[in-house]
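**Q** Starting off with a structure, shown below.
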Amino acid sequence: MLNAALAETPGPLCRAIVLHETASTQDAARRLNLKPGDVVTAGRQTQGRGRLGRSWCDDAGEGTAVTAVLHRDAPERLAIAAAVAATLTAESILKRTVGIKWPNDIMVENRKLAGILVEQSSEIALLGIGMNVLQRSWPAELKHIAISMAELGVSPERCRVLAELLRTLNEVLRWDQDQLIDAFSARDILRGTRARFRCEEKEIEGVVSAIDPMDGLTVQTHGGEIRLPAATTRVLKDEERGQSVSPDRRGR
Ligand code: BTN
C-alpha cells in the first residue's frame, strides 16, 4: 500500500520499508544504510527522538512514525516541506484547518498533533515525521500539550494516514520555495502572538510581526523591531523561561 502511494505521486521518494518495531526510524534508516528515495516506518517506535534532545513517545504504537531519506538540503526547506505535508495530510483526514507553529509543530486546539525532526550527515538528510493518530490517553506531562486524530473525533487506520502522508510529501518536496512559503504562511499560528525566544544565548520577548520560514522572524520588542535568524532561534516554552534546557526531557 505504501509503495503504491509513492508510485501514485511522482517525487523524490520511491521505496517504503515497513518494520514491525524499532527504537527510532531515524536510527533504522542509518542502520539499514538507506539511500535517498527510501522511506522507513515502523508499527511501533519505542524510543523516538524529538527536537532539542526531547523524546517522542509512542510506546503503544498508536501514532505514525516515518523517516524519509533525501539528499542534503537547507534544513529550513526540508523542515517546512515536512510540516506542510503533515499539515495537508491532517487537514485532508480531519476535514478542518490545522496550524503550523514555527518552526514546525503541527497544532490543533493549541495542542501538538505532529512533529518534525531533520537530521543531516555529510551526504544525506533524514526527515522524521511523527503524527498522533489513535492515542486517547497520554503520560501526565503530555496531557495538556499533545492531541491525536482520535481525540478530534476521527480514528483512521494508521496505514491510511501513512499512505496519505507519503503521497503528499512526495508532491510537496517538488514545490518551489514560493509555494512552500505560501502554504506555510496560510497556516502560521505564531505570527501576531507574543512569544519568548532564545537566540544566540539571549532571551528575547515580543510580538511576532512577520515570519519568513526560510530566513527568520521579525519581533516587535519594547526596544523596537528586531530580526531573529531562523537557524539560531527557538521558541521557549513557558517552563523554560530563564532556565537552561535539560537534554533528556520527555515531551512533544
Ligand atoms: C519534535 O516535535 O520534537 C519532533 C518529533 C519527531 C518524531 C519523529 S517520529 C519518526 C522519526 N523518528 C524519530 O525517532 N523521530 C522522528
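**Q** Along its three principal axes, how long is the chain when you only count alpha carbons? Whole Å, largest extent first please.
**A** 55, 40, 36
**Q** Computed over the Cα atoms of the stretch 1-47, what is the ratio Rg over Rh, Rh following Kirkwood?
**A** The Rg/Rh ratio comes out at 0.99.
**Q** Okay, next question. What's the long-distance tail for the stretch 124-190, i.e. % of Cα pairs beyond 14 Å?
**A** 72
**Q** Further question: Please list the non-local residues whose amide H lies under 5 Å from the amide H of I17, H modeled 1.01 Å from N, same-chain partners needing a gap of 5 or more.
**A** V39, V40, T41
**Q** Angle check, please: helix 158-172 long axis (alpha carbons) against the longest principal axis of the chain (alpha carbons), in degrees 0 to 90, nearest 10.
**A** Value to nearest ten degrees: 70.
**Q** On the Cα set of the stretch 28-76, report Rg and Dmax in Å, please.
**A** Using the Cα atoms of the stretch 28-76, the pair Rg, Dmax is 12.1, 34 Å.
**Q** Could you check the spin-label model distance between R174 and S155? Points 7 Å from the Cα along Cα→Cβ, value in nm.
**A** Going by the 7 Å Cα→Cβ label model, 3.7 nm.
**Q** P(r) of the stretch 101-213 in 5 Å steps, Cα pairs, percent per bin?
**A** 2, 9, 14, 19, 20, 18, 12, 5, 1
**Q** So who's got an amide H within less than 5 Å of the one on A210, skipping anything under 5 residues away but keeping other chains? H placed 1.01 Å off N, in plane.
**A** Here the answer is T218, since their amide H atoms fall under 5 Å of that of A210.
**Q** Something else now. With the dipole of the chain worked out from charges on the C-beta (+1 for Lys and Arg, -1 for Asp and Glu) around the Cα centre, which of L34, S209, V133 lies farthest toward the positive end?
**A** Farthest towards the positive end: V133.
**Q** To continue, here is another question. Give the lysines reachable from K237 as a straight Cα distance under 16 Å; neighbours fewer than 8 places away on the same chain don't count.
**A** By straight Cα distance, K237 reaches K101, K112, K143, K202.
**Q** A further question follows. What is the magnitude of the charge dipole of the chain about its Cα centre, with +1 placed on the Cβ of each Lys and Arg, -1 on the Cβ of each Asp and Glu, and no other charges, expressed in debye to the nearest 20?
**A** For the chain, the charge dipole is close to 440 debye.
**Q** From the Cα trace of the stretch 1-146, what convex hull volume per residue do you get, rounded to a whole Å³?
**A** 114
**Q** Helix 75-94 against the longest principal axis of the chain: what's the angle in degrees, Cα atoms only, rounded to the nearest 10?
**A** The angle comes out near 70 degrees.
Bear in mind these aren't lab numbers, they're just calculated from the coordinates by the rules spelled out. Note that the coordinates shown come from a computational prediction; the quantities given were computed from them, not determined experimentally. We place every Cβ from the backbone using ideal geometry, glycine too, and count neighbours over all the protein chains shown.
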